[in-house]
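In what follows, a single structure is set out as structure tokens and then discussed.
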Amino acid sequence: MRFKFVCLCLLVLLPGAAVDAAAQTRVVTGRVVDAVTGQPVAGAEVLVPNTNMQVDVREDGTFSIGVPTGPVTILFRRIGYRRYLIEVPANMSSLNVELQEDVFQLDEVVITGRATGIERRNLANAVATVSAEEVERVPAASVEQQIQGKVAGANIQANSGAPGGGMQVELRGVTSINAVAKPLYVIDGVIVSDIAIPSNANAVTAASGGSNPSLTQDNQVNRIVDLNPNDIESIEILQGPSAAAIYGSQASSGVILITTKRGRAGRPQINVTQRFGFSDLANRLGFRPRDFSSAAEVDAEFGLDPGTAASYNYQPGVSYDLEDALSPRNALSYETSASISGGTETTRYFASGLWKDDEGVMENTGFDKQSLRLNLDQAIGDRLMLQVSTNLVHSVARRGVSNNDNAGVSPFMVYAFT
């Protein structure tokens, strides 16, 4: 059982001086939609370059921004879309904008070690980006499972098939002889720990005895699984060595930057997701029953000492399906996720909750997780922004005793000797 509570407060000084109110003498309104589907592009940014005049597009696609008198240049941008720059004459007060999808993501701004942000078309290092739409497309137990197959050059493997099982992530391969090769995780600008917690199964199975006392064979649990994937806005993966310019030697194996969702100005938006399912063995070995007339025939067939089969109470004509005996469960698994976001131009909020229960196919295996998140953004004047991020997580991982093959306790090791 593990409890985790993280509270983060950031004071962000917005760049640029306040614009003279007398210069904002006219308002430009309009609507931003997708060029293909015609659907509103909510959350897109509308701004006047080299000024602090900036607003977000509302949920219905409309916007309203104050601009100086005279001709002005307005920039429209949104993650996943190409930037759109338009010259607005002094006599124009409304316009409609269609944004084209950025298939190659060349206009996307990513974080590097040598600059705060740079467009992907000018980027010299390998930086992969995974959006919220890609993360939420397929349900998975952990963040790593959801980015598996979506990041070029990332080697992501599961230690076992147990619910909530640990994941191994290698972004730049093995870079040290005696150090771990896992990447550094940064959530909303804060470095978080992914230290594995041993299940102490070695103490029960004596798998770490003799010349192998290490706990690394104990199928340790990955703590990033505690993060609610539904709270993620985007994931940036820094694979190049320039990441060390920000995070030092900790970034030698790469950095995974996770940004959680935050509220946008507008009416409250409520999302509720309910999932149900069950787990079962994908491939069964099966068994071939063989009838022996007596226990003595068993001894003779397998070269056992006389009386061996009888000492184990062998009964002629009786067979056992060991797979079904060890993995009989296909209990119901469920996940309930809900979130609410919204706010005003000065105060924005995002709150979410998750209740997840994954049942394993073997006895005493499963994963339970409950989490609450609250992200608040409060503008204090024109140049100061207060951001508060709070996350409360409670998770329980039930591992069983069959995850360590060194002691011969794995069912597939036992079958061969039964």
Next item on the list: Would you pull out the residues with amide H under 5 Å of PHE278's amide H, same chain only if 5 or more places away, H placed 1.01 Å from N?
Entry: SER333
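Beyond 24 Å, what share of the Cα-Cα pairs of segment 252-385 remains, rounded to the nearest whole percent? Write down the numbers at each step before the final one.
Numbers: 5685 of 8911 pairs.
Percentage above 24 Å: 64.
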Note to self: Between GLN315 and GLN157, what is the label-point separation in nm under the 7 Å Cα-to-beta-carbon projection?
What the structure shows: 4.3 nm
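Where a number appears in this text, it was derived from the coordinates with a stated rule and is not lab data. What you see is a predicted model, and the numbers here were worked out from it, not measured in a lab. Glycine gets a Cβ as well: all are built from the backbone with ideal geometry, and neighbour counts include every protein chain shown.
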